[in-house]
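A quick write-up on the structure given underneath.
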Amino acid sequence: MNLPKYFPYVRKLISIISPTLLITSALPTQLVAQPLPMKISLEFPSGESKGTPKSTLGGGRRGNSCLIRDKKKPSLTALMPNRSNKSITVSATPEFYFYVPASTATTGEFVIRSGEEDGYETTFQLPSKSGIVKLQLPSQFSLKTDLTYKWYFTIICDDSDRSADEYTQGTIERTAISTSLNKALQQATLLKQAEIYAQYKIWPETLSKIVQLRTEKPNEWKELLKSVNLEAIAEEQLVDCCQLSPKPK
């Protein structure tokens, strides 16, 4: 085979291929590879900085607070991703989490209502020590889609003088979930489910999934709270609390 006579064609072919190879090699790795999944540790995309929590709203107290103050810990705090304690959920009976400081009170109250329907309220026994408590709406009262509900979590300091109450408040709205998203969630692990919920800014479900993984993946729990400026309570324990006993509103 007479190779020299093919050299001009080889040189021409190289001149065509080489720029392509150079361009491909210069592409960022993330554009060549498959997109990387979002990690919880990156940040919950709240769209609003929580900043210093303004979660304890005294109801015009005339007496002393029943909370036992600790300068190293926050006061009554809702585990929410923003200062206004707003969130969206896809659940009819979502979970709520609160940091409850030590107090002399024994009774708590939770109220949730929408202007377009009857509300729901319940009282419960407060834990004897500080920590993070969970409240889940019972099946007797389920959120309807596209309605905004206002909720109140209250520490009843004095049954005879409710102006001494310590409370925090916020809003939650239930949104419908698409078929494709629901399918993706059903096929995902707990951590992946949390990642998906976080991508869609669905806070209650993001938090609930990470709570389930708190022992197995403590860093994910800490980083999630840090991303919404709640790192001050990341080391607090979850305490048994709040057996809800619903009553008509």
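Quick notes on this structure:
- Flag for VAL133 being on the phi < 0 side of the Ramachandran plot and either free of Cβ contacts under 8 Å to residues at least 12 places away in the same chain or under 15 Å from the mean Cα position of the chain (by Cα) (or both): yes
- Matching option when the condition is out of contact with any Phe, Trp or Tyr (no Cβ under 7 Å at 6 or more places or on another chain), more than 26 Å from LYS129 (Cα to Cα) and in contact (Cβ under 8 Å) with a residue 60 or more places away in the chain, among THR189, THR148, THR175: THR175
- Residue check, SER103 hydroxyl-bearing (Ser, Thr, Tyr) and over 26 Å from GLN212 (Cα atoms): yes
- Scope the range 126-136; condition over 19 Å from THR89 (Cβ atoms) and surrounded by 13 or more Cβ atoms within 10 Å (Cβ to Cβ); matching residues: LEU126, PRO127, SER130, GLY131
- Every residue from the range 137-155 that is over 12 Å from THR93 (Cα atoms) and among the aliphatic types (A, V, I, L, M): LEU147, ILE155
- Taken residue by residue, the range 82-95 has no member that is under 16 Å from CYS241 (Cα atoms) and either among the aromatic types (Phe, Trp, Tyr) or touching a Phe, Trp or Tyr at 6+ places or on another chain (Cβ under 7 Å) (or both).
- Residues (closer than 30 Å to LEU185 by Cα and either modelled with pLDDT under 95 or buried (at least 17 other Cβ atoms within 10 Å of the Cβ) (or both)) located in the range 94-109: PRO94, PHE96, TYR97, PHE98, TYR99
- Spans of helices (runs of 4 or more DSSP H) in the range 137-249 with at least 2 residues among the small types (Gly, Ala, Ser) and open to solvent by less than 60 Å² (accessible area, probe 1.4 Å): 190-199
- When residues in the range 157-202 are screened for being among the aromatic types (Phe, Trp, Tyr) and under 14 Å from the mean Cα position of the chain (by Cα), 2 of them pass.
The values are calculated or read from the model by the stated rules, or taken from the named source; none is laboratory data. All values reported here derive from a predicted model rather than from experimental measurement. Here the Cβ is made from the backbone with ideal geometry for all residues, glycine too, and neighbour counts use every protein chain on show. Protein only, heavy atoms only, side chains kept; ligands, DNA and RNA dropped before computing areas. Shrake-Rupley method; radii C 1.70, N 1.55, O 1.52, S 1.80 Å.
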